[in-house]
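J.: This is the structure I want to talk about, given as structure tokens.
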Amino acid sequence: MNDTPFNFKDYVRSRFFPHMWCPGCGHGIVLGSLLRGIHELGLNKNEIVMTSGIGCSSRISGYVDFHSLHTIHGRALSFATGVKLSRPHLKAIVPMGDGDALAIGGNHFIHAARRNIDITAIVMNNKIYGMTGGQFSPLSGPGKKATTAPYSTIDNEFDIVELAKSAGATFVARSTVFHAVEAKDLLKKAIMHKGFSVVEILSQCPTYYGRKNKEGDAVQMMEGFKNNTVKIGSKKLEKNPNLIQRGIFVEDTDKPEYCEAYDHIIETAMKGNS
Amino acid sequence: MTNKDNIRFIQGNEACVEGALYAGLNFFAGYPITPSTEITEHLSERLPQTGGKFIQMEDEIASMGAIIGASLTGNKVMTATSGPGFSLKQEALGYACMAEIPCVIANVQRGGPSTGNPTHVSQGDINQARWGTHGDHAIIALTASNHQDVFKITVEAFNLAETYRTPVIILLDEAIGHMREKLIIPEPGELPVVDRLRTHVPKGVDYHPYLPREDDRLPMSDFGAQHRYNVTGLFHDMWGFPNNDPAVVNGLLHHLVDKIENSVNDIAMYKEYWLDDAEYVLVSFGSSARSSIHLAQNRRARGMKIGVLELQTLWPFPTDIVREKCANAKAVIVVEMNMGQVITQVKNAVDNPNNVFLANRIDGQLISPTDIKTVLRMIQGKGV
Ligand SMILES: Cc1ncc(C[n+]2csc(CCOP(=O)(O)OP(=O)(O)O)c2C)c(N)n1
Ligand code: SF4
Ligand SMILES: [Mg+2]
């Protein structure tokens, strides 16, 4: 734990700024929550490896003053698996876009969850491909407008929480950029959890999703996160079961973590060899 | 002195495993595919015995990603695959070129395209090794025709990966990968092993991960150590920060290509047999070099002036060496199991490309000395 006041500049690379995000983009709030969380945990910057893929969200890795690995679209979790398994004492954090994590990267997502390798996956879900200019994603859901869905989408969406749960993630949580403090606290728990942790954070892309779907500007979109979500098990769900739940859905500390399990393999192999 | 315990009778794929361990491999990620699977299987057993790590990933893309991640934490890394899997690796392989990550990729070739001829021999991936990933880049690819050489070029692959900070491809073929023959494992120290060049920049002093030294080498700092920097597949400056300034883009691309192409003669490995007075030169590599050597030996016994140039480095292509070795030849026959991939390079290298002929086989069968003899007799104007 760390009681010293948080200073954003201690955690970012000034050389890298200004950032590339549009005004009103939700991704910067995720960055803020993440850095505050890391500060409060008092983690050593040298022990954090931030690995990301490609997308507006993935640019986050370059901005932070940790070891940072900006890889290729969808594959960040596989690079992070190499980092983590080879040096289990490092903290592996992987911020991802919804397309990055669940379209092109969907296979790596479920397999990292299945292995229960100690990586924190943050899905910055804006329900759109921001970086490439507003095409629909596997999180858009049906009836949405996108540059590749001029007549509206017919594709169903994933539920990230359900997917992560059934794939075997041992920590699964959801929040939104409106709930930045809650998001920070969930991220802290996820980072300290030993095993594969997933935090979905609903984020807004006013530039494409907002405009195409007439959801207004950044402020209106954030109000939407406030009005359309509730804490897990809230009474409000009785009246409106369509509200999106926030909080911790899974926290399982019994399942063996992958790198620790591999250490036992090494022990066995070395015994057999001597 | 050869210790009896160091003598093995094994498959070429195992010789590759032994070479990798000798070179200091300590992280492997892979996905099974014929005819490379034995490399993956053997390493799952051998690596943890040495304290190293093995992981079977969900596919070849993920395997490539995992080894790049593990290389950045300071490990010697490798993956192994064959045609379809090699195709899947190409995007991440380009990433390793761009971000200058040492890693070794073994491709035990089978017949292609597509699922092709999984259990049969081919040498059809030579050009894919060169140009499989998009964009201008340079690549190093090595091959061998017997198990002692497979061991040696595997060690060399790791050495070159470290020296040039680049992916290095080992191109075996199904015949070499699955054939069993003797391997004598060299004693430690017998073959040179190049270790990771790490920076001496002290803590608190600005470290430039992408600023080459005078000798063009780039000392690394392990992820987890004191220097925190950015690694990206975007064009980047000396700190590893994305930068698309035309001068930066131009400079980086030249650096990536020049560091390898300008060292072509240092990287070149080859063997020659009876070339001194050869009027006929067989240029070959991998298992087809075995048939070439066999035929040349047989024809020599009958007084024919014939020799073999066996290439072990296929990329960067040793153009000057091929030109020099073929300079006095009446005819050059390129022996390969594809529709003519290396022959393009040989024609480009020699003074008279009209004297370069192809002896090939593409049906999944090992090219035989007789197949080569047939081409030789045609060139000589003799009946076949
Ligand atoms: C192999 C590959 N395919 C496609 C792309 C193009 N591409 C870049 S980012 C992106 C989608 C980004 O969307 P998302 O992951 O949701 O992140 P966001 O930008 O919305 O934060 C795509 C399709 C690419 N870079 N690489
Ligand atoms: S395009 Fe959308 S996701 Fe990308 S920076 Fe702009 S607002 Fe954010
Ligand atoms: Mg998105």
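The values are calculated or read from the model by the stated rules, or taken from the named source; none is laboratory data. Please read these numbers as outputs of a predicted model, since none were measured by experiment. Counting neighbours? That spans all protein chains shown, and the Cβs are built from the backbone with ideal geometry, glycine included. Note: areas computed on protein heavy atoms with side chains; ligands, DNA, RNA excluded. Shrake-Rupley method; radii C 1.70, N 1.55, O 1.52, S 1.80 Å.
J.: Show me, for the stretch B:147-155, the HN-Hα J-couplings you get by feeding each phi into the Karplus relation (A = 6.51, B = -1.76, C = 1.60, θ = phi - 60°), rounded to Hz, glycine and proline as x.
T.: 5, 4, 6, 4, 4, 5, 6, 5, 4
J.: Looking only at the stretch B:93-228, where both bridge partners belong to it, what percent of the DSSP beta bridges are antiparallel (to the nearest 5)?
T.: About 15 percent, rounded to the nearest 5.
J.: If I take every Cα pair under 8 Å that is 6 or more residues apart in chain A, average their sequence separation and divide by the length, what percent do I get for the relative contact order?
T.: Across chain A, relative contact order equals 18 percent.
J.: Between the stretch B:68-129 and the stretch B:218-268, what's the alpha-carbon centroid distance in Å?
T.: For the stretch B:68-129 versus the stretch B:218-268, the Cα centre distance is 21 Å.
J.: Testing the spin-label approximation: label points 7 Å from Cα along Cα→Cβ at residue A:9 and residue A:214. State their distance in nm.
T.: 4.6
J.: Now, a different point. I need the Debye-formula profile for chain B: one equal scatterer per C-alpha, no solvent, reported as log10 I(q)/I(0) at q = 0.07, 0.10, 0.11 1/Å, two decimals.
T.: Each listed q corresponds, in turn, to -0.32, -0.64, -0.77.
J.: Given a 1.4 Å probe and heavy atoms of the protein chains only, how would you sort A:144, A:255, A:9, largest accessible area at the top?
T.: A:9, A:255, A:144
J.: Over 10 Å intervals from 0, what percent of Cα-Cα pairs in the stretch B:271-381 sits in each interval?
T.: In whole percents, the pair-distance histogram is 16, 55, 28, 2.
J.: Taking 20 Å as the cut-off for C-alpha to C-alpha distance, list the pairs among A:127/A:226; A:45/A:84; B:271/B:382 that go past it.
T.: Beyond 20 Å between Cα atoms: B:271/B:382.
J.: Taking the Cα centre of chain A as origin, sum charge times position over the Cβ atoms of Lys and Arg (+1) and Asp and Glu (-1), and report the length of that vector in debye to the nearest 20.
T.: Charge dipole, chain A, about its Cα centre: 520 debye, nearest 20.
J.: What accessible area per residue, rounded to a whole number of Å², is obtained for the stretch B:4-184 using a probe radius of 1.4 Å?
T.: 26
J.: With an 8 Å cut-off on Cα pairs and a minimum separation of 6 or more residues, tell me the relative contact order of chain B in percent.
T.: Normalised by residue count, the contact order of chain B is 16 percent.
J.: Students often check this: by mean Cβ neighbours within 10 Å, which of A:125-138, A:85-98, A:223-236 ranks highest, and how do the rest follow?
T.: Top of the packing list down: A:85-98, A:125-138, A:223-236.
J.: Check which residues have an amide H placed less than 5 Å from residue B:104's amide H, if you skip close sequence neighbours.
T.: Here B:77, B:78, B:79, B:168 satisfy the definition.
J.: Tell me the label-point distance for the pair residue B:300, residue B:339, using the 7 Å Cα-to-Cβ offset, in nm and rounded to one decimal.
T.: Between residue B:300 and residue B:339, the simple spin-label model gives 3.5 nm.
J.: In sequence order, what are the phi-derived ³J(HN,Hα) couplings for the stretch B:236-248 according to the Karplus relation 6.51 cos²θ - 1.76 cosθ + 1.60 with θ = phi - 60°, rounded to whole Hz, with x for glycine and proline?
T.: 8, 8, 5, 8, x, 8, x, 7, 10, 4, x, 5, 5
J.: Taking amide H atoms as placed 1.01 Å from N in the peptide plane, list the residues 5 or more away in sequence, or in a different chain, whose amide H sits under 5 Å from that of residue A:69.
T.: Amide H neighbours of residue A:69: A:50, A:51, A:52, B:231.
J.: Rg (Å, one decimal) plus Dmax (Å, integer) for the alpha carbons of the stretch B:320-384?
T.: Every Cα atom of the stretch B:320-384 included, Rg and Dmax give 12.1, 34 Å.
J.: Within 10 Å of each Cβ of A:45-58, how many other protein chain Cβ atoms are there on average?
T.: 2
J.: Provide the per-residue ³J(HN,Hα) series for the stretch A:197-202, in order, calculated from phi with Karplus coefficients 6.51, -1.76, 1.60 and θ = phi - 60°, each as a whole number of Hz, with x at glycine and proline positions.
T.: 10, 10, 10, 8, 10, 5
J.: Taking each residue of B:157-170 in turn, how many C-beta atoms of other protein chains fall within 10 Å of its C-beta, and what is the average?
T.: 0
J.: Going from most exposed to least, what order do B:374, B:37, A:170 have by accessible area with a 1.4 Å probe?
T.: Solvent-accessible surface, decreasing: B:374, B:37, A:170.
J.: Taking H as built 1.01 Å from N, whose amide H comes closer than 5 Å to the amide H of residue B:269, not counting residues under 5 places away?
T.: Close amide H contacts, sequence-distant or interchain: B:312, B:313.
J.: Evaluate the charge dipole of the protein assembly as shown about its Cα centre and quote only its size in Debye, nearest 20, assuming +1 on the Cβ of each Lys and Arg and -1 on the Cβ of each Asp and Glu.
T.: 900
J.: Right, next: P(r) for the protein assembly as shown: what percent of alpha-carbon pairs falls in each 20 Å bin, starting at zero?
T.: Spelled out bin by bin, the protein assembly as shown gives 18, 46, 27, 8, 1 percent.
J.: Can you list, largest first and rounded to whole Å, the semi-axes you get for the stretch A:11-273 by taking the square root of 5 times each eigenvalue of its Cα gyration tensor?
T.: Three semi-axes, in Å: 30, 20, 18.
J.: Another one. Output the peptides B:63-70, B:168-175, B:343-350 sorted from most to least packed, where packing is the average of other Cβ atoms within 10 Å over each peptide's residues.
T.: Top of the packing list down: B:63-70, B:168-175, B:343-350.
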